[in-house]
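**Q** Structure provided below as structure tokens; questions to follow.
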Amino acid sequence: MSATEEIYDDFFENTALPDHFEEKKNEIESFIKFHEASQERIVLVTSGGTTVPLESRTVRFIDNFSIGTRGSASAEYFLGQGYLVIFLHRLRSLTPFHRHVQSNILDHLTVSCSENECTITVKSQEQEKLLSVLQQYESAKSKRRLLSVSFTSLGDYLHLLRATCRLLAPLGSRAMLYLAAAVSDFYIPADKMPEHKIQSSEKPLQLSLQLVPKMLKPLVKDWLPDAFVVSFKLETDKAILIQKARKSLEQYQHKVVVANVLDTRKMEVVLVTMETEQTIRLSAEEASSGKEIEETLIKTLMALHDKFCHLSQQS
């Protein structure tokens, strides 16, 4: 075993399995087998942030700002393009279809009361939009085209990611990974973590965090070697963005990096491949009309996946 393989093994040995891990793994396997005969394309969308617990019986944790906006929107557009979707998401982050009403359901409703009863109705200006969302949701649900699997911590996410990749491996080029989750770069190994809540004191708290091994390497090489893998690169400095995206492609040998800058990520992204750079930009008019950049992003990725599948079949 190489030193690199030992690093990955040490990480998984020092992070606990998620609650209900076998149950979730069985759900994923059942979903894949249910659609096995259809030969349809399937995408694993990861979404939301990952927590880093500071205690075994977690009270405090390190988190990031991601609430799953891009992942949940993208899952809807993948479904609209005919993909099967496994949606691996942070618990209580935004989810497909529900995202349209998760935080503002009361704003969509109105109440009218008579002497004996009250009636709740959807506001007339909201009815068309909500009807469309509900129809898409019901279709995906009734046809079992969407499977949602939740995680909370960094360890939960990576255990479930590895398990799902291994289950998708037999599908070869039909599988796509869309790695939109905001994954923590640091963690505390289980054997270094206090069991109980860290007590407050007059002294500053000092933490020793270890680097999380970059899981793209075993993912592309070992877990899911024939899939179309899309990663994300978020920076605050536009000047280094494309350079960092190309470095990632060269290092991990996957297919696409979606490069974006924090302040403009909802309006502009750059798709970077080994051969090309393609900017996708949303105009102010499109944004004000309610169009989302993920709609064009997913259509563009689908075309690249088409080409990848055709080349794979010919080789």
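**Q** Could you tell me which of the pairs LYS217/LYS247; LYS129/LYS291; LYS25/LYS214; LYS214/LYS255; LYS25/LYS233 are separated by over 18 angstrom between their Cα atoms in the structure shown?
**A** Pairs exceeding 18 Å: LYS25/LYS214; LYS25/LYS233.
**Q** What size of dipole, in debye to the nearest 20, comes out for the chain about its Cα centre when the only charges are +1 on Lys and Arg C-beta atoms and -1 on Asp and Glu C-beta atoms?
**A** 440
**Q** If you build the convex hull over the alpha carbons only and average its shadow over all orientations, what do you get for segment 45-101? Give it in nm² to one decimal.
**A** Taking the Cα atoms of segment 45-101, their convex hull projects to 4.5 nm² on average.
**Q** Compare the peptides 53-65, 244-256 by average per-residue count of other Cβ atoms within 10 angstrom and give them in order, highest first.
**A** Highest mean packing first, the order is 244-256, 53-65.
**Q** Shifting gears a bit: How large, in percent, is the carbon and sulfur part of the accessible surface of the chain at a probe radius of 1.4 Å?
**A** Percent of accessible area from carbon and sulfur atoms in the chain: 50.
**Q** Separate question: Please build a GNM for the chain, connecting alpha carbons under 10 Å apart, and tell me which residue among SER103, SER74, SER173 fluctuates the most.
**A** Highest fluctuation among the options: SER103.
**Q** Convert 10 °C to kelvin, take the viscosity as 1.306 mPa s, use the Kirkwood radius over C-alpha pairs of the chain as Rh, and evaluate the Stokes-Einstein diffusion coefficient in µm²/s, rounded to a whole number.
**A** Here the translational diffusion coefficient equals 74 µm²/s.
**Q** Want the number for THR236 to LYS33: 0.36 nm per residue separation, take away the alpha-carbon distance, what's left?
**A** Full extension from THR236 to LYS33 adds 68.9 nm.
**Q** Projecting each Cα onto the charge dipole of the chain (Lys/Arg +1, Asp/Glu -1 at the beta carbon, about the Cα centre), which of VAL122, ILE28, LEU167 comes out farthest on the positive side?
**A** Farthest towards the positive pole: LEU167.
**Q** In debye, nearest 20: dipole of segment 207-313 around its Cα centre with unit charges on the Cβ of K, R (+) and D, E (-)?
**A** 360
**Q** Right, next: Filter the trypsin sites (Lys or Arg not before Pro) in segment 135-221 to those in DSSP coil with at most 13 other Cβ atoms within 10 Å of their Cβ, and list the result.
**A** LYS143, ARG144, LYS197
**Q** Using unit Cβ charges (K, R positive; D, E negative) and no other charged atoms, how large, in debye to the nearest 20, is the dipole of segment 51-143 about its Cα centre?
**A** The dipole magnitude comes to about 520 debye.
**Q** Looking only at the chain, where both bridge partners belong to it, what percent of the DSSP beta bridges are antiparallel (to the nearest 5)?
**A** Here the share of antiparallel DSSP bridges comes out near 40 percent.
**Q** While we're on this one: Among LEU219, LEU241, VAL272, pick out the residue whose Cα is farthest towards the positive end of the charge dipole of segment 174-315, where Lys and Arg carry +1 and Asp and Glu carry -1 on C-beta, about the Cα centre.
**A** LEU219
**Q** Could you work out how much longer the chain between ASP19 and MET267 gets when fully extended? Use 0.36 nm per residue separation minus the Cα distance between them, nm to one decimal.
**A** 85.6 nm
**Q** Return, in residue-number order, each cysteine of the chain whose C-beta is not under 4.7 Å from any other cysteine's C-beta.
**A** Here CYS165, CYS309 come out as lacking a disulfide-compatible partner, given the Cβ-Cβ threshold of under 4.7 Å.
The values are calculated or read from the model by the stated rules, or taken from the named source; none is laboratory data. Everything quoted here is computed from the prediction, not taken from an experiment. Reconstructed Cβ throughout: ideal geometry from the backbone, glycine too, with neighbour counts over all protein chains shown. In case anyone asks, the SASA skips ligands and DNA or RNA and just uses the protein heavy atoms, side chains included. Shrake-Rupley method; radii C 1.70, N 1.55, O 1.52, S 1.80 Å.
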